[in-house]
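Worksheet: one structure, shown below.
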């Protein structure tokens, strides 16, 4: 999801900061990302605040639970928006801080798939690399946190 959301945001004119490991930086830059931070070298909120001490306008988080999302939305400035796809936004707390909370869920539809397919076929966005592995390779690959290769991993049965 992050690959596509990033590209759609860049295409809409957003300056995007991507949270990626060092081995994914070049791929994300090719999507138009203006800045990257690597959560494996420090705490993400502190890394973002180093270059954006006044905060950022929008946070899009598709990975964290309520606790993780709460730690991240601390770098959204007043008047900004904090979006989660995991329904982790504390609406009252964020509104009290002047931040628009958004617990977001996208409903799949034929129209949406056609729009994404058109963006892919015209080159407006590109799909991430696909790494195919066998089921027997999966335990070793995922045994170490953050060990998965760049892109998306598909287990072929």
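Every number in this text was worked out from the coordinates using simple rules, so none of it is lab data. Computed from a predicted model, the values in this text were never measured in an experiment. No Cβ is skipped: glycine too gets one built from the backbone with ideal geometry, and neighbour counts run over all protein chains shown.
Some points to look at:
- Where labels lie 7 Å past Cα in the beta-carbon direction, separation of residue 93 and residue 119 in nm: 3.0
- The listed peptides 130-137, 17-24, 63-70, ordered by packing as a protection proxy, come out as 17-24, 63-70, 130-137 (highest mean of other Cβ atoms within 10 Å first).
- Distance between the C-alpha centres of segment 83-107 and segment 1-32: 22 Å, rounded to the whole angstrom.
- Residues 84, 3, sorted so that the one with the fewest Cβ neighbours within 10 Å comes first: 3, 84
- Each label was represented as a point 7 Å from its Cα along the Cα-to-Cβ direction; for residue 40 and residue 152 these points are 2.2 nm apart.
- The chain, relative contact order [Cα under 8 Å, separation at least 6], %: 15
- Full extension of the chain between residue 21 and residue 137 gives 39.6 nm of extra length, using 0.36 nm per residue less the Cα-Cα distance.
- Binned Cα-Cα distances of the chain, short to long, each 10 Å bin given as a whole percent: 10, 32, 37, 19, 2
- Legend: ranking of residues 81, 1, 28 from fewest to most surrounding C-beta atoms inside 10 Å; resulting order 1, 81, 28.
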